[in-house]
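The values are calculated or read from the model by the stated rules, or taken from the named source; none is laboratory data. Nothing here was measured: the structure is a model prediction, and the numbers come from that model. Cβ sites come from the backbone with ideal geometry, for glycine too, and all protein chains shown count toward neighbours. Note: areas computed on protein heavy atoms with side chains; ligands, DNA, RNA excluded. Shrake-Rupley method; radii C 1.70, N 1.55, O 1.52, S 1.80 Å.
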Amino acid sequence: QVQLVESGGGLVQAGGSLRLSCAASGSTFSSYAMGWFRQFPGKEREFVAAISWSGSSTRYADSVKGRFTISRDNARNTVYLQMNSLKPEDTAVYYCAARNTKVIVPTLNYDYWGRGTQVTVSS
């Protein structure tokens, strides 16, 4: 079992930056591939970024490529999402997720999910 808690969301102006954190507990964090997702009101959850268990591989949605960076600190059991050049269309609830696998998982196929953190970008 893995428990995930996101933090770092908030209100920011367009062009600004936020860093989301996802703290994991309950299992061996370094065994898990991690991902970030977001959900717009009335829409399905969508993939944002993923990182392999070691951090050596990452993958991004085209909509965030070049602006967002996923990273992890296995010593701190934490995965991050650095979001730069934010746009109003990035406004959503952001979720982190974990899956017990060594490969990167750029899909919704994860075992554990956090409760999400709201990111609002004003124009």
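Data table
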| quantity | calculated |
| --- | --- |
| Unit charges on C-beta of K, R, D, E only; dipole of the chain, Debye | 160 debye |
| Options PHE68, ASN100, THR78, ranked by Cα towards positive dipole end of the range 63-104, top entry (Cβ charges) | ASN100 |
| Extension reserve of the ARG67-ALA23 stretch, reckoned as 0.36 nm per residue once the Cα distance is removed | 13.6 nm |
| ALA14-ARG115 FRET efficiency (beta carbon distance; Förster radius 35 Å; 0.05 resolution) | 0.85 |
| Carbon + sulfur, % of accessible area of the range 1-84 - ligands and nucleic acids excluded, 1.4 Å | 45 percent |
| Summed side-chain charge close to SER17 - residues other than SER17 whose Cβ falls under 15 Å, Lys, Arg +1, Asp, Glu -1 | +2 |
| Probe 1.4 Å, accessible area per residue of the chain, Å² | 50 Å² |
| Separation between Cα centres of the range 19-39 and the range 85-118, rounded to whole Å | 8 Å |
| Neighbour-limited loop hits for GluC sites (Glu not before Pro), the range 32-112 (at most 10 other Cβ within 10 Å; DSSP other than H, G, I, E, B) | GLU44 |
| Gaussian network model of the chain, springs between alpha carbon atoms under 10 Å - residue of PRO88, PRO106, PRO41 with greatest fluctuation | PRO41 |
| Loop-resident sites, the range 14-115, for trypsin sites (Lys or Arg not before Pro), counting at most 14 other Cβ within 10 Å (DSSP) | LYS43, LYS65, ARG76, LYS102, ARG115 |
